[in-house]
1. Taking segment 126-149, which residues are aromatic (F, W, Y) and at pLDDT below 95?
2. Could you check I184 against (1) closer than 19 Å to L63 by Cβ; (2) of a type outside the set (G, A, S); (3) surrounded by fewer than 20 Cβ atoms within 10 Å (Cβ to Cβ) and say which number it fails?
3. Does A106 qualify as being out of contact with any Ser or Thr (no Cβ under 7 Å at 6 or more places or on another chain), over 28 Å from S195 (Cα atoms) and surrounded by 16 or more Cβ atoms within 10 Å (Cβ to Cβ)?
4. Which residue is nearest to the chain's Cα centre (by Cα), if the candidates are limited to segment 45-89 and must be surrounded by fewer than 15 Cβ atoms within 10 Å (Cβ to Cβ) and closer than 23 Å to L120 by Cβ?
5. Considering only residues that are more than 22 Å from G43 (Cβ to Cβ) and within 17 Å of the chain's Cα centre (by Cα), look in segment 222-239 and name the one that is surrounded by the fewest Cβ atoms within 10 Å (Cβ to Cβ).
6. Could you check segment 179-218 and list, in sequence order, the residues that are charged (D, E, K, R) and assigned to a loop (DSSP other than H, G, I, E, B)?
7. From the set of residues in segment 120-178 that are among the hydroxyl-bearing types (S, T, Y) and closer than 28 Å to S31 by Cα, which is farthest from the ligand (Cβ to nearest atom)?
8. Which one is nearest to the ligand (Cβ to nearest atom), of the residues in segment 32-43 that are on the phi < 0 side of the Ramachandran plot and surrounded by fewer than 21 Cβ atoms within 10 Å (Cβ to Cβ)?
Amino acid sequence: MVEIIRAENYEELGQIAGEQILRQVEEKRDSVLGLATGGTPRGIYRYLAEKKPDLSRVRTVNLDEYLGLSGGDPRSYHYYMKEYVWEPLEIGRENRLIPDGLCQDAEEECRRYEEQIRALGGIDLQLLGLGENGHIGFNEPGPAFVCDTHKVCLSPETRAANSRFFGSPEEVPRYALTMGIRTIMRARRILLVVSGGKKAKALQAIMGGGVTPQIPVTILLLHPRVTVAADAAALGGKF
Ligand code: F6R
C-alpha cells in the first residue's frame with residue numbers, strides 16, 4: 001500500500017519526512033535507517049540537525065557510493081554523510097555503513113555490504129530519493145530488476161543530473177555500487193521523498209501505473225509499507 005503525503009514546498013517536505021524518521025526512532029531507539037544522499041534529503045537532515053534528537057543507538061546504512069572516489073573526496077557520498085548526517089547528528093563511527101568507493105574488488109565489497117546489512121537485522125526504514133528517470137538508489141532503468149547490492153554503470157541521464165555536484169557530466173564517475181532492488185524491498189518500511197517538477201513524470205508512474213523495470217521506482221507498488229512524501233511541484237497538481 002502506498003500512502004501519499006503532500007508538502008507545500010521543499011522546506012515542508014523536509015519537516016514532514018524528518019518527523020517520520022523521528023517517529024521511527026522513538027518507536028525503536030536502535031533503528032537501522034537506510035539513508036539516501038543528493039539534493040532532496042538535505043532539507044530532512046537540516047531539520048533533524050535542528051531538532052537534535054538522540055540518535056546514539058541508531059545504525060545508518062547508505063544506499064550507494066561512487067566507485068573511484070575516496071571518503072575524503074568532497075564529491076563522494078561518504079563525505080556528504082560526514083558533513084550533513086553523521087557529524088551533525090552525532091552518529092557513532094561504529095554505526096556508519098557505506099560501500100567503499102575505493103574497494104579493490106567490487107563484487108567482494110557488495111557481498112560484504114549485504115552481509116553487514118543482514119548482520120544488523122535488516123533495515124527498519126529506508127529513505128529513498130527519486131531519479132528523474134525513475135531510479136531508486138542507483139538502480140537504473142533496464143530490462144530486468146537487479147537483486148542485491150551490485151556494481152552499476154550510471155546512465156548518461158543520471159550523470160547529467162548529478163553533474164551539478166561535479167564540474168561537468170564527464171567528471172561524474174561512470175560506475176557506482178548500489179543496494180539492489182531486492183535489498184531495498186527487504187526494508188520493513190520505505191519513505192520515498194520527491195521534490196520538484198523534474199520528478200513529476202517518474203512520480204506519476206507509481207501513482208497509477210503498473211510495475212516495470214523501465215521505471216525502477218514502480219517496484220515499490222509491491223512493497224507492503226511505503227510512504228511517499230512529495231512537494232506540490234513534484235505532484236504537479238495531481239493530489
Ligand atoms: C542517492 C541516490 C539517488 C538519489 C536520486 C535523486 O543516494 O540513491 O537515487 O536519491 O538520484 O537525487 P536528488 O535528490 O539529488 O535529486
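The values are calculated or read from the model by the stated rules, or taken from the named source; none is laboratory data. For clarity, every value in this text was computed on a predicted model and none was experimentally measured. Ideal geometry is used to build each Cβ from the backbone, glycine not excepted, and the neighbour counts take in all protein chains shown.
1. The one that is aromatic (F, W, Y) and at pLDDT below 95: F145.
2. For I184, the exception is condition (3).
3. Working: out of contact with any Ser or Thr (no Cβ under 7 Å at 6 or more places or on another chain): yes; over 28 Å from S195 (Cα atoms): yes; surrounded by 16 or more Cβ atoms within 10 Å (Cβ to Cβ): yes.
Considered against the rule, which asks whether it is out of contact with any Ser or Thr (no Cβ under 7 Å at 6 or more places or on another chain), over 28 Å from S195 (Cα atoms) and surrounded by 16 or more Cβ atoms within 10 Å (Cβ to Cβ), A106 comes out as yes.
4. This residue is E87.
5. First, pick out the residues of segment 222-239 that are more than 22 Å from G43 (Cβ to Cβ): 222-225.
From what is left, the residues that are within 17 Å of the chain's Cα centre (by Cα) are 223, 225.
Working: H223: 18, R225: 14.
Checking each candidate, the answer is R225.
6. Going residue by residue through segment 179-218, those that are charged (D, E, K, R) are 182, 186, 188-189, 198-199, 201.
Once the filter is applied, which keeps residues that are charged (D, E, K, R) and assigned to a loop (DSSP other than H, G, I, E, B), segment 179-218 yields R186, R188.
7. In the first step, residues of segment 120-178 are kept if they are among the hydroxyl-bearing types (S, T, Y); the result is 149, 155, 158, 163, 168, 175, 178.
From what is left, the residues that are closer than 28 Å to S31 by Cα are 149, 178.
Working: T149: 12, T178: 7 Å.
Among them, the one singled out is T149.
8. Step one: of segment 32-43, the residues on the phi < 0 side of the Ramachandran plot are 32-37, 39-43.
Those left that are additionally surrounded by fewer than 21 Cβ atoms within 10 Å (Cβ to Cβ): 39, 42.
Working: G39: 4, R42: 8 Å.
Ranking the candidates gives G39 first.
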